[in-house]
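The values are calculated or read from the model by the stated rules, or taken from the named source; none is laboratory data. In this text, all values refer to a predicted model and were calculated from it rather than measured experimentally. Here Cβ is always computed from backbone atoms with ideal geometry, including for glycine, and neighbour counts include all displayed protein chains. Accessible surface areas use protein heavy atoms only, side chains included; no ligands, DNA or RNA. Shrake-Rupley method; radii C 1.70, N 1.55, O 1.52, S 1.80 Å.
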Amino acid sequence: VSAATTATQSVWIRAGGLFVGGNNENSVAAPTLTVLPPSSVELQQGKATLMCLANKGFPSDWRLSWKVDGNSWSSGVSQSPGLLQKDDGLYSWSSTLTLQEDEWLKKTVTCEATKDSQTPVSQTLRREQCTGQ
């Protein structure tokens, strides 16, 4: 972690993100997103559960949402509450999206993290990026 300080705010640069803030109430760190594909065993059962992992965000009210082929998708979605990491004071979350196997085979899936007026963060996964699926 490196830091630069101005008269009114500190800027912390961490691996994978930028942490900006003058005090805890105004500090914001965009999480880093990772989308994990469904397992091949699950696909053989006709469904596909994808997981979005959001790490090192602050504060805890970032929301995860899903898009399928660019359209908002809420069916088959669940989300965990933010989990505070003791080592750095940042939060981690996860969200799952369950699709039918044929929907996964034809679609592009995006996980997006949003918070108020902050610039959204997103990660997209296409089936063809996954080996063995």
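Please find the FRET efficiency linking Leu84 to Ser117, where r is the Cβ-Cβ separation and R0 is fixed at 25 Å, and quote it to the nearest 0.05.
Efficiency computed from Cβ-Cβ geometry: 0.60.
Could you rank Val35, Val77 by how accessible they are, 1.4 Å probe, largest area first?
Correct descending sequence by accessible area is Val77, Val35.
Give me the number: length gained by fully extending Val77 to Asp61, i.e. 0.36 nm times residue separation minus the C-alpha to C-alpha distance, one decimal in nm.
The span from Val77 to Asp61 would gain 4.0 nm if fully extended.
Where the convex hull is taken over the Cα atoms of the stretch 60-133, what is its projected area averaged over directions, in nm²?
Result: a mean projected hull area of 6.2 nm².
For the stretch 51-133, with only Lys/Arg (+1) and Asp/Glu (-1) charged at the beta-carbon, what is the dipole magnitude about the Cα centre, in debye rounded to 20?
60 debye
Extending each Cα 7 Å along its Cβ direction at Met51 and Arg126, get the distance between those two points in nm, one decimal.
2.5 nm
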